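Asker: Dumping the structure here so I can ask a few things about it.
The values are calculated or read from the model by the stated rules, or taken from the named source; none is laboratory data. It should be emphasised that the depicted structure is a prediction, and the values quoted were computed from it without experimental measurement. No Cβ is skipped: glycine too gets one built from the backbone with ideal geometry, and neighbour counts run over all protein chains shown. Remember, those area values only see protein heavy atoms, side chains included, never the ligands or the DNA or RNA. Shrake-Rupley method; radii C 1.70, N 1.55, O 1.52, S 1.80 Å.
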Amino acid sequence: MLSMYAQVYNLVFKRFKATKQFSKFLKYSFDHEYDFMLDAINYNRYISYYQELFGKENVKILVYEKLRKAPQSFFEELLDYMGIHNDYNLSLLMNKPYDKRSSPEGYQTDTRSLDEILAYYKQRYSPHRSINLPLSLKKIIKKIKLSADFKSNIQLQDIERDKILNFFRHSNQILDQANNLNLDKYGYF
């Protein structure tokens, strides 16, 4: 949950003057409590909805922190839920040789122009659609390089961390009790 704030901040809000610093971003989020940020990470709300829609027995909740701390146990639980019981499948999940997202070089977003990124998404989602932009705008878009420091390490002050945890404490406790998740073990409250 805390990392979700850092990700959204890095991807979007640090680009704006009013939320340039993480502390300002948190203040903005809590000053606008009914804003999309707080609503978007209210896991209890979404999980309860899916359980109501599909039936509680058809919704498996796995905690990301468990994946980080005990990956074998995490994957065993996932495979068991899916009805897959063999060591070969577990070894495929556990021995993933390379994950570009966690590699030192990460994604090279800062080396691509806005034009290249837009072309990629156009080709992926709307390959048959023609987009005619004026030549002057095309030239400008090609020159825009997206600088992205996604590896920024944001350090929360204790007061900021406590505010986030306190805001979601009740919701996380309901989620925890209803689904036997042991969220307290992972610092959710």
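Asker: Need the full-extension length gain, Lys143 to Leu118, defined as separation in residues times 0.36 nm minus the C-alpha distance. One decimal, nm.
Answerer: 7.7 nm
Asker: Go through Met94, Met82 and list them by solvent-accessible area, largest first, probe radius 1.4 Å.
Answerer: On the way: Met94 70, Met82 110 Å².
In descending accessible area the options line up as Met82, Met94.
Asker: Sticking with the crude label model, points 7 Å out along Cα→Cβ, report the distance from Asn132 to Phe16 in nm, one decimal please.
Answerer: Here the answer is 3.5 nm between the modelled labels.
Asker: Starting at the first residue of segment 79-91, write each ³J(HN,Hα) from the Karplus equation 6.51 cos²θ - 1.76 cosθ + 1.60 with θ = phi - 60°, in whole Hz, x for Gly and Pro.
Answerer: Here the 3J(HN,Hα) series is 5, 4, 4, 7, x, 9, 10, 7, 5, 4, 5, 5, 5 Hz.
Asker: Kindly flag which residue pairs out of Lys27/Lys143; Lys17/Lys139; Lys17/Lys142; Lys27/Lys56; Lys122/Lys143; Lys17/Lys143 have an alpha-carbon separation exceeding 30 Å in this structure.
Answerer: From the list (Lys27/Lys143; Lys17/Lys139; Lys17/Lys142; Lys27/Lys56; Lys122/Lys143; Lys17/Lys143), the Cα-Cα distance tops 30 Å for Lys27/Lys143; Lys27/Lys56.
Asker: Accessible area, 1.4 Å probe, largest first: how do Lys143, Lys14, Lys185, Lys56 sort?
Answerer: Largest accessible area first, the residues go Lys143, Lys185, Lys56, Lys14.
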